[in-house]
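Working notes, beginning with the structure itself.
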Amino acid sequence: MANPITDADVRHVAQLSRLKLSDEQVAEYTQQLGRVLGYIDKLSELDVDGVEPMAHALDMSNVLREDEPVDGMPVDKALANAPASDPPYFKVPKVLGEGSGA
Amino acid sequence: MQPEFQTLVAIKNAIADKKVSAVDAATYYLNRIEQHDQNIHAFNELYRDYVMQRAAQVDAGQITGKLAGVPIAIKDNLCTPYGHTTCSSKMLANFKAPYMATAVQKLEDEGAIIIGKTNLDEFAMGSSTENSAMGMTKNPWDTTRVPGGSSGGSAAAMSADFAAATLGSDTGGSIRQPAALCGVCGLKPTYGKVSRFGLIAFASSLDQIGPFTRTVEDAALLMDVICGHDAKDSTSANLPPADHSLQLHKPIENLRIGIAKQYMSDSNEPAVTKAVENAIDVYKSMGATIVEVDLPHTEYGIPVYYIVATAEASSNLARYDGVHYGHRTKNPSDLYDLYAASRAEGFGDEVKRRIMLGTYALCSGYYDAYYNRALKVRRLIKQDFDKAYEQCDTILCPTTTGVAFKAGDKTDDPLAMYLNDVYTVNANLAGIPGITVPGGLSEEGLPVSIQLYANAYEDAKLLRIAQMFQTATDYHMLRPELG
């Protein structure tokens, strides 16, 4: 069976996933994901016409609470794990202008 | 081993009756860990000072409760405001959680002492605890073998008596499979019974916290403590509190045990088949009726699971962006590179593989063929169980196809590793509870187990059925000899 996923697909998915991959990794993942997708293709054996998709196994409904203000996490706690911060802000590299990427 | 340390209930009673001080109990476990964990590596982190301080407070009567002074270890994906919570990932190696997981808070509210955090497959993705950035955990029964996963550290710690009980999480078998391979009890409760608040998310519609214990009675006691509605988890079931211990020792009358041929495959190792057949005999001798049930969509569980779980993971793990917390790459060239390089450096291979598989399944053009189709088959799997439970109270089956495998045997073949979960994933997909109970030893002296399923929210009944087996047998008291 032809590999259901190509190098180009893997590069595209890696970009959507924000994962920087080497060429070797792209080749390896193409093989491995191809095998897994080949196995998953088993699902096409089944006739699922008219079956309602089930995102949650048990009955779930939207849960709302009274609209009463409660304290959020204090800024110092929220920033405590940040790789870089300038309270009360998270710090990131320059986003606008040349080299903004994405 | 002293009788006081045989089970969680024994330890709890010994401390409550002042036969053993909480300080002595804590010292006992810390010494065992000190002596043996270098060979097993069940723990990522220990809280020695905190443990001794809490134990002294228990002895002084300042801390009380159902679990006063009982040392419990937790999987390192459960947040505590002390220590680190790493998910065994480089991404979170320095992460200190700003809040407490509800299940852990409930343990502490009843006086339990959190002794440390246990190793796991990174972000709970794996079946052998080999995918850990902190190094692999070894099986206490044979250190050349894996403990299973992803809660391998919690299973190994329970097996080696490094704590009176441990907590894990189960997304596709991550409590039950390592419990089976390490010869201890492992319970995945009904989805929603235990709050997931503070459990670092992998696949939110499947994840559930549950206990590893020596006995079913110990598991029931822990369930009484950790279950309950939590406003901080909108998927937690809003039910009246259930008592899992109250009727535990009352056998179920006219018990009907379902056996599904789909779980009794010829490819199961003989020791596994023997354990299930033996359990059938044990239950028959107690008056149970054996009913044949059909679960025709069983074999589609793995493909459905690896779409649903990875799709949810790809979304849940998008939060690791190198900005708010977690690993950040040095000298990114731009914002895109900050994300992509931080994530590439912070996540291990299996996590990346699953993020990409999930992203692929959700891509426009593939969504209907993969994700939507998987959700439809998920319903067919759930309907199989609904029909089966019209005929029986519980389904008895193996947890795994075989005993613990050798470390390194499956690390190069993701698909072979995924197939480990063949007998466990369907409970997660259907939301139903499942328990692994020790069922003896194989010829080479490795643990084998049985698994019991029940209908959703019938956790108390499931525990009663499992207790019937432990009343008749003593496999659960078999312990490994530590080198």
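Of note:
- Hydrodynamic radius by Kirkwood, which averages 1/r over all alpha carbon pairs of the protein assembly as shown, in angstrom: 24.2
- Whole-angstrom Cα spans of region B:182-281 along principal axes, big to small: 45, 34, 24
- The 3J(HN,Hα) values that the Karplus relation (6.51, -1.76, 1.60; θ = phi - 60°) gives for region B:85-97 are, in residue order, 10, 9, 6, 6, 10, 4, 4, 10, 4, 10, 6, 10, 5 Hz. Gly and Pro appear as x.
- For region A:6-78, GluC sites (Glu not before Pro) meeting the loop criterion (DSSP other than H, G, I, E, B) and having at most 14 other Cβ atoms within 10 Å: A:GLU66.
- For B:PHE405, the amide hydrogen comes within under 5 Å of the amide hydrogens of B:VAL146, counting only partners 5 or more places away or on other chains and with H modelled in the peptide plane.
- Longest stretch of chain A clear of exposed loop sites (trypsin sites (Lys or Arg not before Pro), DSSP loop, at most 14 other Cβ atoms within 10 Å, sites excluded): A:1-64.
- Bridges between two residues of region B:3-251, per DSSP, are antiparallel at a rate of about 60%.
- Two-decimal Rg/Rh across region B:3-251, once Rg and the Kirkwood Rh are taken from alpha-carbon atoms: 0.94
- Secondary structure note: in the protein assembly as shown, about 65% of the DSSP beta bridges are antiparallel.
- Rounded, prolate or oblate (a/c below 1.5 giving rounded, otherwise prolate when a/b exceeds b/c) for chain A by Cα gyration tensor: oblate
- The amide H of B:LEU295, built 1.01 Å from its N in the peptide plane, has B:LYS261, B:GLN262 as neighbours under 5 Å, considering only residues 5 or more places off or on other chains.
- Sparse-neighbour loop sites [trypsin sites (Lys or Arg not before Pro); region B:299-331; at most 11 other C-beta within 10 Å; DSSP]: B:LYS330
- Shape call, region B:354-442: gyration tensor on alpha carbons, a/c limit 1.5: oblate
- Qualifying chymotrypsin sites (Phe, Trp or Tyr not before Pro) in region B:76-131, DSSP loop, other Cβ atoms within 10 Å at most 16: B:TYR82, B:TYR99
- Modelled this way, with points 7 Å down the Cα-to-C-beta line, the labels at A:MET73 and B:MET477 are 4.7 nm from one another.
- Amide H to amide H, with H built 1.01 Å from N, B:ILE450 comes under 5 Å of B:VAL437, B:GLY439, counting only residues 5 or more places away or on other chains.
- Per-residue Cβ neighbour rank within 10 angstrom, fewest leading, B:ASP218, B:ASP121, B:ASP17: B:ASP17, B:ASP218, B:ASP121
- Solvent-free Debye scattering, log10 I(q)/I(0), computed from the Cα coordinates of chain B at q = 0.06, 0.10, 0.11 Å⁻¹: -0.24, -0.68, -0.83
- Here the Karplus curve 6.51 cos²θ - 1.76 cosθ + 1.60, taken at θ = phi - 60°, turns the phi angles of region B:255-262 into couplings of 4, 10, 9, x, 10, 10, 4, 5 Hz, with x standing for Gly and Pro.
- If you take the Cα centroid of region B:1-44 and the Cα centroid of region B:189-266, the two points sit 25 Å apart.
- Pairs of alpha carbons in region B:150-213 whose separation is greater than 13 Å (percent): 54
- Per-residue ³J(HN,Hα) for region A:67-84, Karplus 6.51 cos²θ - 1.76 cosθ + 1.60, θ = phi - 60°, Hz, x for Gly and Pro: 7, 10, x, 10, 5, x, 6, x, 4, 5, 5, 5, 8, 4, 9, 5, x, 8
- As a length-normalised measure over Cα pairs under 8 Å and 6 or more apart, the relative contact order of chain B settles at 18 percent.
- Evaluated with a Cβ-only charge set (Lys, Arg +1; Asp, Glu -1), the protein assembly as shown carries a dipole of roughly 680 debye about its Cα centre, given to the nearest 20.
- Binned Cα-Cα distance frequencies in region B:282-440 - 10 Å width, integer %: 9, 28, 29, 21, 9, 3, 1, 0
- For region B:92-185, the Cα gyration tensor yields ellipsoid semi-axes of 21, 16, 12 Å (square root of five times each eigenvalue, largest first, whole Å).
- Only beta bridges with both residues in chain B are counted; by DSSP, about 65 percent of them are antiparallel.
- Global size of region B:261-372 as Cα Rg and Dmax, reported in angstrom: 22.4, 71
Bear in mind these aren't lab numbers, they're just calculated from the coordinates by the rules spelled out. Given the structure is predicted, the values throughout are model-derived calculations rather than measurements. Positions of Cβ are backbone-derived with ideal geometry, glycine not excepted, and every protein chain shown enters the neighbour counts.
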